[in-house]
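Scroll down for the structure; my scribbles are underneath it.
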Amino acid sequence: MVRDAYRSLVGYLEQSGISHEPGAREGEIVAELPGEKKLKTVVSLVVSESGLSAVAFVIRNPDENHEGVYRYLLGKNLRLPGAAYAIDKSGDVYVTARLPLSAVDEESLDALFGVLLDAADSHFNELLALGFLSSMKKEWEWRIDRGESLRNLTAFRRLLEQETGVSAPAGAFED
């Protein structure tokens, strides 16, 4: 049954055009899901006797406002079908999910990857704003002072202009 589930997973990834490679652990596949807010989401998938476990990296340990970040994530857990946000011993944030071996089919995998990608990608900017605002403000001011592009901070323009009181100069969001 483990072998069948592994083959089903690999077949799904190949059929869906999802980049993947064998992982370091037995039964592990590491896949990369393309994102919109986050460039990509790396997912570790392990097929074992206990089922398919999926762990997707969301963000590193926040620099600040841990309580606000965790409160936000716990609120999202209430509405996250079949998955949950978690932190590791370093404080990095992941989204995790499990499927029984009998459920490893195209429909369940499609739903699983949809939930993982949505959980890792759709809340990415909010999590950065909650957990890394001070760093983003410093980078905003540093880039403006040096005439550097602000393109990587486009999603946070309004927030950073409001927080710093410094407006972006014309053309600052171009390379």
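The values are calculated or read from the model by the stated rules, or taken from the named source; none is laboratory data. These figures come from a predicted structure and were not determined experimentally. Cβ atoms come from the backbone with ideal geometry, glycine included; neighbour counts cover every protein chain shown.
The combined condition, being surrounded by fewer than 19 Cβ atoms within 10 Å (Cβ to Cβ), out of contact with any helix residue (DSSP H, G or I) (no Cβ under 8 Å at 6 or more places or on another chain), of a type in the set (A, V, I, L, M, F, W, C) and outside any helix (DSSP H, G or I), is fulfilled by Ala170. Restricting attention to the range 12-67, the residues that are closer than 25 Å to Lys137 by Cβ and not hydrophobic (A, V, I, L, M, F, W, C) add up to 12.
Taking first residues from the range 156-175 that are under 12 Å from Glu141 (Cα atoms) and partners that are β-branched (Val, Ile, Thr) and surrounded by 14 or more Cβ atoms within 10 Å (Cβ to Cβ), the Cβ contacts under 6 Å between residues at least 6 apart in sequence or on separate chains come to Val166/Ile144. Would you mind stating whether Val69 is modelled with pLDDT of 95 or more, in contact with a helix residue (DSSP H, G or I) (Cβ under 7 Å, 6 or more places away or on another chain) and aliphatic (A, V, I, L, M)? The answer is yes for Val69. Of all residues in the range 153-167, those satisfying the criterion of being surrounded by fewer than 13 Cβ atoms within 10 Å (Cβ to Cβ), under 24 Å from Gly68 (Cα atoms) and not charged (D, E, K, R) are Thr154, Gln162, Gly165.
Filter the range 21-40 down to the residues that are of a type in the set (A, V, I, L, M) and surrounded by 13 or more Cβ atoms within 10 Å (Cβ to Cβ) and list them by number. Matches in the range 21-40: Ile29, Val30, Ala31, Leu33. Applying the condition of being more than 17 Å from the chain's Cα centre (by Cα) and crowded, with 21+ Cβ neighbours inside 10 Å to the range 41-68 and asking which residue is farthest from Gly23 (Cα to Cα) yields Leu52.
Would you call Gly75 part of a loop (DSSP other than H, G, I, E, B) and at pLDDT 95 or above? Spelling it out, it is not the case that Gly75 is part of a loop (DSSP other than H, G, I, E, B) and at pLDDT 95 or above. Only one of the numbered conditions (1) among the hydrophobic types (A, V, I, L, M, F, W, C); (2) in contact with a His (Cβ under 9 Å, 6 or more places away or on another chain); (3) at pLDDT below 95 is violated by Ile29, and that is (3). Note on the range 82-112: residues that are more than 16 Å from Leu52 (Cβ to Cβ) and loosely packed, with under 15 Cβ neighbours inside 10 Å amount to 6. For the range 124-152, taking the residues that are at pLDDT below 95 and buried (at least 19 other Cβ atoms within 10 Å of the Cβ), the one that is farthest from Lys37 (Cα to Cα) is identified as Trp140. Touching a Gly at 6+ places or on another chain (Cβ under 9 Å) and closer than 19 Å to Asp121 by Cα, is that true of Arg79? Against the criterion (touching a Gly at 6+ places or on another chain (Cβ under 9 Å) and closer than 19 Å to Asp121 by Cα), Arg79 does not qualify.
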